[in-house]
Amino acid sequence: MSAGVATAMDQTAAERDHRNRWYVLAVIATAQLMVMLDGTIVQIALPSVQRSLHMSDTNRQWMVTAYALAFGGLLLVGGRLADRFGRGRTFLVGLVGFAVVSAIGGAAPNTETLIAARALQGVFAAILSPATVSLLTTTFTDTKERAKAFGLFSGIVGSGAAIGLIIGGVLTEYAGWRWCLYVNVPIAAAVTALGIATLPRNRGHRDISLDAVGAVLGCLGPVALVYGLSEAPERGWDSPLVIGLLATSVVLIGAFLISQVLIRQPLLPLRVVAERTRSGSFLGAALLNFGMMGISLFATYHLQMVMHYKPLKAGFAFLPMVGAVMVTATQVVARVMGRIPTRWLVGPGLAFTAAGVWMFTTLSEDSSYLFGVLPAWLLLGIGMGLSYSPTAHASLAGVAERDSGAVSAFQTTARQIGGAIGLALSNTLAASAAASYYADHQGQGGLLTKSIVHGTATAAWWISGILLIGTIICTIMINADPRKPRQATADIEAAPDTGTDADADAVMIRGHVVWAEDVPVSEAALTLVTHDGREVARTSADRDGAYTLRAPGHGPYLLIARSDTHRSTATPLAATAGASAIEHTVTFQDEGAVAGIARDEADGAPLKGTSVILTDVNGRLIRSLSTDEDGSFLIDKLAYSPYVLVLHQDGYRPRAIDLQVSEAQQQITVTAELASHSRLGSLSGVVSDGEHTLVNDVRLTLTDGSGTRLTATSKEDGSFRFADVPVGNYILIAAGHPPTVSRLEISEATNQHNIHLDGRGEVSSHES
């Protein structure tokens, strides 16, 4: 394939991806919504599941815990898999797997099968989720469109938990608990079909190695932390199990961070996540889930146990919060996210969330829904709508495409851990306060209800206070302004800030230079020029083929790549407004080729199945194949370089041929005649000196010039013999006295060749 055809294909693929971008949003938002729905749908169905399968209370808890541990523990691995194998491919694998195990769970005949299915749901959710946000970031490159897409995505996903309560109540009441799992199958089937047709077909970065040590530590650390936090409310924070799990998590996470500093290709690139604004966005994501998870459980208890709402009615009571999330995310954030600094969205969003949590401190057993719960819901919805997409956008802004999966996974992990901490802490605070109130107010009417309200108020005070402190910290840390593109930080250190306007518009162009099947090309020269021929940047690829160029601003460019051993290539690139980085792989599509035929030297018959091996001059294997029925072979897409072609067939002598593929001689035709080993001869003779004295201990080397060598040493009587030598032309070298060289032909007969050393390096011989 020529470079021009490859470029045209790349442009066609880019145009297709651009046309399909809104379908891609629908695919990833629906899939992520399905995952969000699943959590709350299953929680609503737990009582029915317990009765149907005769499940113990301990196993009922494992319905939730198994999913949480698998999901939280494998997120980082899932993110790196997306970077290595491609986000679209990983997304579809996670989606299909999630649907299959959902069907298995729905059909589960016993508790063990159901818990195993829930754990596998967590595994596939951990593969699917990191790919969603990174797909969103790489699909929408225009700042305004990306803001709109993130707004729609956060509005849909942010309402998932509340919608799940409603759908879970309807399915459990009218269809049975098994449909709470079966419902994922038709959703996933429809999304998979649309995803196959519309998702970008990126091949990933196969040069990214999977860090085994980091994967184990990065999995076990969050698992120990989430498990410890989930057990703390029931067992108490002073429980040996809880203390042991939390201490173990600290050790494992610490070891994980150390390993990520030391390893060359870490599971989690710390140079990326440690950037100030990005760290602030992770903290903001964790705080948002800390507040929402910390209060949602008590809101459900207040509606059902204090206000005596049925589960389905309680689910509908969450709808105003869903509406607030949707309106804020799609009508406010989507319009202003690209125009104002991120901190002025995340900060107020967390403040609204804190205010919504604080509203629960004002509730009493007599509070109405309209004037008590509804204002809290609206504040929480506005807070989530303002914060969700800006934290996601800030965490991925400026991240190179090859690291977006890992960063997206870390953000999801931060949300997961934040939610686990919020749930555990609020549970503990509320339970302790409710128990103290119940003990101190014995004899009062409605004591249980009052204890629940008091416990909720106490937890709300603490959660809202922590949120306010976190709001201040996040507002200070997040200093990104979307109007000024941030430089990507995946593979290079930040370029020095010159303080000019041109630097604010600079776009980093990075990627790898490869040849054939992703073979890196080192030291390739790359030049970036404008369409009028002005050079703006120049660099060379490193030993792994990686390169980085800095374009001075937005606009069309031409990237020229040259290598001494490959055909030069030129590719048009467009740095669009709002883009801070472009990922581009330069692929040399060389047109060198070696064609030929292998034949029997005796009768000229073609040799089918002959092994054809091509190596470079350093012995590195380039290609290997076998000849066809007619003895022919073709090796194409070769770089312009010297090669060694070797042909081998059982029963024949190997044949080695030196070749030089060049731009002037792109295709080389070879006819290789192989001599049968059945045609053998022998060579014998004697070695004598100038005085006709027989000479012993002379080392003799017989070579055919293609690498085959036979050696012998003259005996006491000066004689030597080479037996069973394939017929052909040879060179005989006698070492010493001084060295002499003879050219001779060995036939099937007995060959006689005497060597006379006359002291001047001249050879006289007699052959018969």
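The values are calculated or read from the model by the stated rules, or taken from the named source; none is laboratory data. Predicted model, so just to flag it, every value in this text is computed and none were measured. Positions of Cβ are backbone-derived with ideal geometry, glycine not excepted, and every protein chain shown enters the neighbour counts.
Could you pull out the residue among Ala45, Ala99, Ala70 that is closer than 20 Å to Gly176 by Cα, modelled with pLDDT of 80 or more and surrounded by 17 or more Cβ atoms within 10 Å (Cβ to Cβ)? Walk me through how you get there before you give the answer.
Numbers: Ala45 fails: modelled with pLDDT of 80 or more; Ala70 fails: closer than 20 Å to Gly176 by Cα.
None of the other options fit; the residue is Ala99.
The single condition from (1) modelled with pLDDT under 80; (2) within 30 Å of Thr569 (Cα to Cα); (3) more than 33 Å from the chain's Cα centre (by Cα) that Lys637 fails is (3). Every test in (1) touching a strand residue (DSSP E or B) at 6+ places or on another chain (Cβ under 6 Å); (2) at pLDDT below 85; (3) loosely packed, with under 13 Cβ neighbours inside 10 Å; (4) not assigned by TED's automatic domain parsing to the domain that holds Ala749 is passed by Arg709 save one, and that test is (4). Among the residues of the stretch 548-601, how many are farther than 30 Å from Glu145 by Cα, buried (at least 19 other Cβ atoms within 10 Å of the Cβ), at pLDDT below 85 and of a type in the set (Gly, Ala, Ser)? Here the count works out to 2.
Hey, can you tell me all the residues within the stretch 736-745 that are within 18 Å of Val687 (Cβ to Cβ) and at pLDDT 80 or above? Don't jump to the end; show me each part of the working.
In the first step, residues of the stretch 736-745 are kept if they are within 18 Å of Val687 (Cβ to Cβ); the result is 736-744.
Within the stretch 736-745, Thr740, Val741, Ser742, Arg743, Leu744 meet the criteria.
Remark: pairs (first residue in the stretch 292-320, not assigned by TED's automatic domain parsing to the domain that holds Lys450; second residue at pLDDT below 75 and crowded, with 18+ Cβ neighbours inside 10 Å; Cβ separation under 8 Å; 6+ apart in sequence or on different chains) are absent. Residues considered: Val670, Val687, Val612, Val644. Of these, the only one that is assigned to a strand (DSSP E or B), touching an Asp or Glu at 6+ places or on another chain (Cβ under 7 Å), surrounded by 14 or more Cβ atoms within 10 Å (Cβ to Cβ) and modelled with pLDDT of 85 or more is Val644. Apart from one condition, Leu447 fits all of (1) in contact with a Pro (Cβ under 6 Å, 6 or more places away or on another chain); (2) surrounded by fewer than 24 Cβ atoms within 10 Å (Cβ to Cβ); (3) farther than 22 Å from Val64 by Cβ; the exception is (1). Ser611 meets the conditions (1) out of contact with any helix residue (DSSP H, G or I) (no Cβ under 8 Å at 6 or more places or on another chain); (2) within 30 Å of Thr137 (Cβ to Cβ); (3) not acidic (Asp, Glu) in every case but one. The failed one is (2).
Taken as a whole, the stretch 622-640 holds no residue that is among the hydrophobic types (A, V, I, L, M, F, W, C), in contact with a strand residue (DSSP E or B) (Cβ under 9 Å, 6 or more places away or on another chain) and either without any contact (Cβ under 8 Å) to a residue 12 or more places away in the chain or assigned by TED's automatic domain parsing to the domain that holds Pro726 (or both). Looking across the stretch 323-334, the residues that are more than 31 Å from the chain's Cα centre (by Cα) and surrounded by fewer than 22 Cβ atoms within 10 Å (Cβ to Cβ) come down to Gly323, Val327, Gln331, Val332. Of everything listed in (1) at pLDDT 75 or above; (2) crowded, with 21+ Cβ neighbours inside 10 Å, the single unmet condition for Trp22 is (2). Condition check for Trp177 on (1) part of a helix (DSSP H, G or I); (2) more than 20 Å from the chain's Cα centre (by Cα): one failure, at (1).
Restrict the check to the stretch 159-175 and report whether at least one residue is under 21 Å from Val24 (Cβ atoms), buried (at least 24 other Cβ atoms within 10 Å of the Cβ) and not assigned by TED's automatic domain parsing to the domain that holds Ala406. Within the stretch 159-175, one or more residues are under 21 Å from Val24 (Cβ atoms), buried (at least 24 other Cβ atoms within 10 Å of the Cβ) and not assigned by TED's automatic domain parsing to the domain that holds Ala406. For first residues located in the stretch 112-124 and closer than 11 Å to Met63 by Cβ, partners that are polar (S, T, N, Q) and at pLDDT 90 or above and lie 6+ apart or on another chain with Cβ distances below 9 Å form the pairs Ala117/Ser102; Gln121/Ser102.
Of all residues in the stretch 337-354, those that are of a type in the set (Lys, Arg) have Cβ atoms under 7 Å from Cβ atoms of residues that are buried (at least 24 other Cβ atoms within 10 Å of the Cβ), 6 or more apart or on another chain, in Arg343/Ile478.
Do we find a residue being outside any helix (DSSP H, G or I) and either out of contact with any helix residue (DSSP H, G or I) (no Cβ under 8 Å at 6 or more places or on another chain) or β-branched (Val, Ile, Thr) (or both) anywhere in the stretch 445-468? Before you say what the answer is, go through the steps one by one.
Taking the stretch 445-468 as the starting set, the residues that turn out to be outside any helix (DSSP H, G or I) are 445-446.
Next, only the ones that are either out of contact with any helix residue (DSSP H, G or I) (no Cβ under 8 Å at 6 or more places or on another chain) or β-branched (Val, Ile, Thr) (or both) stay: 445-446.
Checked the stretch 445-468: at least one residue is outside any helix (DSSP H, G or I) and either out of contact with any helix residue (DSSP H, G or I) (no Cβ under 8 Å at 6 or more places or on another chain) or β-branched (Val, Ile, Thr) (or both).
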